[in-house]
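Participant: If you scroll down you'll find the structure; I have some questions about it.
The values are calculated or read from the model by the stated rules, or taken from the named source; none is laboratory data. Nothing here was measured: the structure is a model prediction, and the numbers come from that model. Cβ atoms come from the backbone with ideal geometry, glycine included; neighbour counts cover every protein chain shown. The accessibility values were calculated without ligands, DNA or RNA, using every heavy atom of the protein model including side chains. Shrake-Rupley method; radii C 1.70, N 1.55, O 1.52, S 1.80 Å.
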Amino acid sequence: MYETSDLRKGLKILIDNQPYIIVSSQFVKPGKGTAFTKTRIKNLLNGSVLERTFRSGEKIGRANTEEKEMQYLYAEDAAMCFMDNTSFEQVNIPRDVIGEDADLLGENLTVTVLFFSERPVGITLPNFVELEVVQSEPGIKGNTATGATKPAIVSSGASINVPLFVEQGDWLKIDTRTRSYVERVKK
C-alpha cells in the first residue's frame, strides 16, 4: 500500500481494481483544513485520464504490474508479436494496446512491455530508434537554407517530417517521444 506522501509521477496505483499511472502530482497545504494531494491519473487499460484528490494519510493500493524487456518480431492483422528476451516466450499484443507507437516499431527492436495481472497493457519504446527512409520526395536544389521540411515514410510505416536533403535509402535517428527527426545515421 502507498500513502499520499509516496505519490509521484510515474507511480502505478490500483483504484477500484483498475491499474492507473500517475501523470502529475501536486501536494497542497491550504491555510485551513487538512493537506491533500491533487493528481492526474491515466487508466492503463482504456487510456482515460482522471483528476483525483487524495487526503493526507489515505492509503492507495499498489498495482500488480510487471515490466519485461521484449523484442518486436512481426506484425499480424490485429496484433503484433513480441518475444520475451529471457524466456523466449512469444506474446501477441493487440494494436489498440500499443496505440500510435505501432508505426515506429522496427524489426528486432527491444521495447519495455508493461503487464497488469499477466496481461499486456502497454509498451514503452526506447527514446531513439534508427529507421530507413523508404519513400521521400527529392529535395529542390538550393532550397536548404530555409529550414523547410518534407514528409518521408520510414521502413516501419511512420510518416516523419525531415529536412529537404534527406533522400530515399538514408537511415534516420528518430526521437520516439516527439516523433521527430534527429539526425542522419551511417549504416
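Participant: Do you know which residues across segment 27-48 are in contact (Cβ under 8 Å) with a residue 12 or more places away in the chain and surrounded by fewer than 11 Cβ atoms within 10 Å (Cβ to Cβ)?
Facilitator: Thr34
Participant: Among the residues of segment 1-16 satisfying the criterion of being open to solvent by less than 50 Å² (accessible area, probe 1.4 Å), out of contact with any Phe, Trp or Tyr (no Cβ under 6 Å at 6 or more places or on another chain) and not in a loop (DSSP other than H, G, I, E, B), which is nearest to Glu118 (Cα to Cα)?
Facilitator: The qualifying residue nearest to Glu118 (Cα to Cα) is Lys12.
Participant: Name the single residue, out of those in segment 51-85 being more than 30 Å from Tyr2 (Cα to Cα) and of a type in the set (S, T, N, Q), that is surrounded by the most Cβ atoms within 10 Å (Cβ to Cβ).
Facilitator: So the residue we want is Gln71.
Participant: Report whether or not Gly139 is at pLDDT below 90 and not in a strand (DSSP E or B).
Facilitator: Spelling it out, Gly139 is indeed at pLDDT below 90 and not in a strand (DSSP E or B).
Participant: Same structure, new question: So which of Gly122, Gly106 is assigned to a strand (DSSP E or B) and small (Gly, Ala, Ser)?
Facilitator: Unique residue meeting the criteria: Gly122.
Participant: Restricting the search to segment 86-101, which residues are surrounded by 11 or more Cβ atoms within 10 Å (Cβ to Cβ) and of a type in the set (Val, Ile, Thr)?
Facilitator: Val91, Ile93, Val97, Ile98
Participant: Evaluate segment 104-127: report whether one residue or more is among the charged types (D, E, K, R) and either open to solvent by less than 30 Å² (accessible area, probe 1.4 Å) or at pLDDT 90 or above (or both).
Facilitator: no
Participant: Condition check: under 20 Å from Tyr20 (Cβ atoms) and modelled with pLDDT of 90 or more. Does Val91 satisfy that?
Facilitator: no
Participant: So which residues in segment 145-181 are more than 17 Å from the chain's Cα centre (by Cα), in a loop (DSSP other than H, G, I, E, B) and of a type in the set (Ser, Thr, Tyr)?
Facilitator: Within segment 145-181, Thr146, Ser155 qualify.
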